[in-house]
Amino acid sequence: MRKTYWFLTVSLFFLGILVGVAGYIVWETSIQPGTHYQEKDNATKIDASKYQLPLPSVTSHDLGLGNLDENDLIPNKSQEEKDTDLSAVEQEKIISDYKQNLGILFDAWKAEDISTFKECIAEAYTGQLMETHIQKAEKFLSGGTGLYIDEVSFDDIRIETADKHSATVKAIYRYTVRDYDLAEKSPRGEEFKHFVHVRANLIKMDSRWLITGETSI
């Protein structure tokens, strides 16, 4: 009887140890926070590879050429086709007038007075943008100083949308500028280089396309 008692006691003791060890292992591997866990069937799963930061792009207006990467001047071949039903000749007219309008603006900055400046710029601009250029020029021309702009070159110019009466073009161009002495009729001072990336709105008045608005890109 006594031997049977001790046998049962020892057996229960070791059984208790085994149960305790097994319970500890289960707790360590499946219950303790921060270790292995089972996914819930209704949990929301997100594929992180679909969320990437966009690549930087050149969007500055009048960016110094020293900071310009020439690769940024390559037109995007994957861009959607321009939205226009105009003929090739009509599209060339829009681009040609836009370039001429810029030339008129640059030449106007050598006008002797603001009245002459207004007459010149009216051939290229209209609306509030024209008034903005006039207000800016008046401050300088009245003091005898204009602008001498040359070395104008276009890296890219294209029509985004156009119809018979209005158009939107996107242009990338560069130029150099110096102060212009109106009395001496000659440039002076330090030369500055500018890089322009702009979207321009135009409307057709009579036979010419005039610039009505510009937004730097």
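Looking at the structure I just gave you, is Val196 free of Cβ contacts under 8 Å to residues at least 40 places away in the same chain, touching a strand residue (DSSP E or B) at 6+ places or on another chain (Cβ under 9 Å) and crowded, with 17+ Cβ neighbours inside 10 Å? Steps first, please.
Values: free of Cβ contacts under 8 Å to residues at least 40 places away in the same chain: no; touching a strand residue (DSSP E or B) at 6+ places or on another chain (Cβ under 9 Å): yes; crowded, with 17+ Cβ neighbours inside 10 Å: yes.
Here the answer is no, as Val196 does not meet what is asked.
Being within 15 Å of Ile104 (Cα to Cα), among the acidic types (Asp, Glu) and not in a helix (DSSP H, G or I) is the requirement here; does Asp150 meet it? Don't jump to the end; show me each part of the working.
Details: within 15 Å of Ile104 (Cα to Cα): yes; among the acidic types (Asp, Glu): yes; not in a helix (DSSP H, G or I): yes.
Yes, satisfied.
On the basis of being among the aliphatic types (A, V, I, L, M), within 19 Å of Ala108 (Cβ to Cβ) and in a strand (DSSP E or B), does Val177 make the cut? Reasoning before the result, please.
Working: among the aliphatic types (A, V, I, L, M): yes; within 19 Å of Ala108 (Cβ to Cβ): yes; in a strand (DSSP E or B): yes.
So Val177 passes the test.
Identify the single condition in (1) surrounded by 14 or more Cβ atoms within 10 Å (Cβ to Cβ); (2) at pLDDT 95 or above that Gly103 does not satisfy, given that it satisfies every other one.
(1)
How many residues does the range 137-147 contain that are aromatic (Phe, Trp, Tyr) and either part of a loop (DSSP other than H, G, I, E, B) or touching a helix residue (DSSP H, G or I) at 6+ places or on another chain (Cβ under 8 Å) (or both)? Reasoning before the result, please.
Applying the first criterion (aromatic (Phe, Trp, Tyr)) to the range 137-147 yields 140.
Now drop any that are not either part of a loop (DSSP other than H, G, I, E, B) or touching a helix residue (DSSP H, G or I) at 6+ places or on another chain (Cβ under 8 Å) (or both), which leaves none.
Total meeting the criteria: 0.
Inspect all residues belonging to the range 176-190 and state whether any of them is touching a Pro at 6+ places or on another chain (Cβ under 8 Å), assigned by TED's automatic domain parsing to the domain that holds Glu90 and among the acidic types (Asp, Glu). Give the steps one after another, and end with the answer.
Let us first name the residues in the range 176-190 that are touching a Pro at 6+ places or on another chain (Cβ under 8 Å), namely 178-181.
Among the residues that remain, those that are also assigned by TED's automatic domain parsing to the domain that holds Glu90 are: 178-181.
Of the ones still in play, those that are also among the acidic types (Asp, Glu) are 179, 181.
The answer is yes, given that some residue of the range 176-190 is touching a Pro at 6+ places or on another chain (Cβ under 8 Å), assigned by TED's automatic domain parsing to the domain that holds Glu90 and among the acidic types (Asp, Glu).
Being of a type in the set (S, T, N, Q), under 24 Å from Lys204 (Cβ atoms) and touching a helix residue (DSSP H, G or I) at 6+ places or on another chain (Cβ under 7 Å) narrows it down to one of Thr126, Thr84, so name that one. It would help to see each step written out before you state the result.
On the way: Thr126 fails: touching a helix residue (DSSP H, G or I) at 6+ places or on another chain (Cβ under 7 Å).
None of the others qualify; the one that does is Thr84.
Go through the range 115-136 and give me each residue that's surrounded by 16 or more Cβ atoms within 10 Å (Cβ to Cβ) and either of a type in the set (Phe, Trp, Tyr) or not in a loop (DSSP other than H, G, I, E, B) (or both).
Let us first name the residues in the range 115-136 that are surrounded by 16 or more Cβ atoms within 10 Å (Cβ to Cβ), namely 117-118, 120-121, 124-126, 129-130, 133-134.
Phe117, Lys118, Cys120, Ile121, Tyr125, Leu129, Met130, His133, Ile134, listed by residue number.
The values are calculated or read from the model by the stated rules, or taken from the named source; none is laboratory data. Predicted model, so just to flag it, every value in this text is computed and none were measured. Here Cβ is always computed from backbone atoms with ideal geometry, including for glycine, and neighbour counts include all displayed protein chains.
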